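Have a look at the structure below, then the notes.
Every number in this text was worked out from the coordinates using simple rules, so none of it is lab data. Small disclaimer: the values here were computed from a predicted structure and weren't measured. Counting neighbours? That spans all protein chains shown, and the Cβs are built from the backbone with ideal geometry, glycine included.
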Amino acid sequence: MLFNSFVFIFLFLPIVICVHYFLLRRYKLETVLGFLTISSLCFYTYWHPPYLILLLKVYSKIADHFRRRGVKVTFFAMPYHSATLKKEGPMSKMIKEAQRSLDGLNGNAGGSVLGSFFIEETSCNDNQMMDFMHPNSECVKLIMQ
C-alpha cells in the first residue's frame, strides 16, 4: 500500500484515525500506542505479507528488551476475514506462520497477546469485517474486553 493510493487515503487512514480517537477517549495511552503499532504492521503487511513475520520477530526482540526492564508487553492481533485463510496461497501461509509466531510470544514471561489473526479464535465474526483484514470498531471492542 502506498501513501498516495486510494486504499490508504479512503480506507486505511480514515479507519486508523477513527479507531485511534475512539481508543484515546476510552483507554490508556498504552492501548492507543499498541493499536498504532498493529496498524503499522497491517500497513506493511498489505504491501508485502512476508514482512509480517520479519516485523513480528523484530517486535519480539524489542518486547524482550522491555520485559527485562519490568515492563508488561501486550501484543494486539486483529483478525483476517475467514475467506482469506481458506484460500491456499502465499498470503494464507504468511498469516498462519505469523499466528504461530504470536502463539510463541504469548507464553513468554510478562507478555500476552490479545486477539488472533484467525477470526474463529476471537469473539468476532465475518460480518464485523469491513474487508479482508480490517475489523470494525465493534469487533475491536470485543477483542479489547
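Given the chain, what count of lysine pairs have C-alpha atoms under 22 Å apart, with each pair 8 or more places apart or on different chains? Lysine pairs satisfying the spacing and distance rule in the chain number 10.
Rounded to the nearest 20, the size of the Cβ-charge dipole of segment 6-144 about its Cα centre is 540 debye, with Lys and Arg at +1 and Asp and Glu at -1.
Between residue 61 and residue 137, the simple label model (points 7 Å from Cα in the Cβ direction) yields a spacing of 3.7 nm.
The mean sequence distance of close C-alpha pairs (under 8 Å, at least 6 residues apart), as a share of the length of segment 6-144, puts its relative contact order at 22 percent.
Close amide H partners of residue 115, meaning residues 5 or more places away or on another chain with modelled amide H under 5 Å apart, are 77.
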